[in-house]
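First the structure, in the form of structure tokens, and then the observations on it.
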Amino acid sequence: MRVLGIETSCDETGVALFDTERGLLADALYSQVAMHAEYGGVVPELASRDHTRRLLPLIQQVLDEADLGRHGLDAIAYTAGPGLVGALMVGAATAHGMARALGIPVLGVHHMEGHLLAPMLEQDRPEFPFVALLVSGGHTQLVEVRALGRYTLLGESVDDAAGEAFDKAAKMLGLDYPGGPQVARLAEHGDPGRLRFPRPMTDRPGLDFSFSGLKTHTLTAIRTLEAEGALDDQARADVARAFEEAVVDTLVIKCRRALDQTGLKRLVVAGGVSANTRLRERLERECARRAARAYYPRGRFCTDNGAMIAYVGAQRLLAGERDEQGVMKAVPRWP
Ligand code: KG4
Ligand code: ZN
């Protein structure tokens, strides 16, 4: 089954073609990051408008690259949520329009299920069951994955997501949006011994997270350094380092607990923050210590992309799921 995947939930237009027999045939991405950077964050209306401009040319590019010949497409999958409603509607309307014109099935899928199963696009992919750490700009969750569609939420953030915390810390440090990679880069020059930030919610049992306190802590640290006239480049790097260490440490502690609690030996790490090098290094060490293994999507599939949507869509379409004809789905909040 050849499935076109469309992702437009936020600030990346992603399109890909997944063949259930031959794997990923083509994949294209247009990132709006540069456009939103000027405003320090995603501007929803601009995002929707840019998706409408980019989506059809990207679809054409992917279809040309995949060169399907006479057989053509078998189905279309799109991100139905969660995300920005206007942005979601661009993908949903395009998918439903094309499916109607071609007379093929169409299915709206959950964006986070895409991230969750993105490591399945790799040659060396995990078998079920596994524990997944989903860390993006909108979510921080630990999920027990038994099979496709059999997910148990083990814990999640009670306030900010880890990526959101990275983005806010970046803003406080005067770095551009999106902040995660920039904070990570700055942290490389930081002295790990100079400042120590708290590891929220690690002193009590449970698998939930909280990152909003770290934000306040970061701001206080910056203001104190400023008042002392000590907020130079090195101090900024030290703050970035202390912040990153605190987030990574917190994530690692909870992953360790989740592996212990479930008795599972496979850990999948996905979502934008899974691109973080320090997080990967720490999780590698942690897994090695307990004869477990960590799995990640390749770099470009850590953040939003069409391939993960095509993949999840293909699995669910194969199982017979599809949207009702003409009933497009755009669900901004979808647990
Ligand atoms: O999954 P994603 O592309 O979008 C959604 O939120 O769905 O994740 C984006 C988030 C942003 O908050 C970004 O700052 C963060 O992932 N991020 C990182 C890194 N790369 C991206 N955070 C820390 N370190 C990184 N290297
Ligand atoms: Zn995402």
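Okay, here's what the table says:
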quantity: Members of the stretch 300-329 that are surrounded by fewer than 24 Cβ atoms within 10 Å (Cβ to Cβ), modelled with pLDDT of 95 or more and either in a loop (DSSP other than H, G, I, E, B) or of a type in the set (Val, Ile, Thr) (or both); calculated: Ala319, Gly320, Glu321, Arg322, Asp323, Glu324, Val327, Met328, Lys329
quantity: Any strands (runs of 3 or more DSSP E) falling wholly within the stretch 67-149 and containing at least 1 residues that are surrounded by fewer than 19 Cβ atoms within 10 Å (Cβ to Cβ) and of a type in the set (A, V, I, L, M, F, W, C); calculated: 140-147
quantity: Those residues of the stretch 209-226 which are under 19 Å from Arg256 (Cβ atoms) and at pLDDT below 95, in sequence order; calculated: none
quantity: Search result, residues across the stretch 151-167 that are part of a strand (DSSP E or B) and within 12 Å of Asp208 (Cα to Cα); calculated: Leu153, Leu154, Gly155, Glu156, Ser157
quantity: Of residues in the stretch 11-33 being touching a Leu at 6+ places or on another chain (Cβ under 9 Å) and among the charged types (D, E, K, R), the one farthest from Ala319 (Cα to Cα); calculated: Asp11
quantity: Flag if Glu244 is assigned by TED's automatic domain parsing to the domain that holds Leu175, of a type in the set (D, E, K, R), at pLDDT 95 or above and crowded, with 24+ Cβ neighbours inside 10 Å; calculated: yes
quantity: Criterion: in contact (Cβ under 8 Å) with a residue 40 or more places away in the chain and within 15 Å of Pro192 (Cα to Cα) - qualifying residue of Ala275, Ala237, Ala258; calculated: Ala237
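So that you can scan it fast, the table gives a plain yes or no per residue for (1) within 12 Å of ligand 1 (Cβ to nearest atom); (2) within 27 Å of Thr262 (Cβ to Cβ):
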residue: Asp167; (1), (2): yes, no
residue: Lys171; (1), (2): yes, no
residue: Tyr177; (1), (2): yes, no
residue: Asp191; (1), (2): no, no
residue: Met201; (1), (2): no, yes
residue: Leu207; (1), (2): no, yes
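The values are calculated or read from the model by the stated rules, or taken from the named source; none is laboratory data. Please read these numbers as outputs of a predicted model, since none were measured by experiment. Note: ideal-geometry Cβ built from the backbone for every residue, glycine included; neighbour counts use all protein chains shown.
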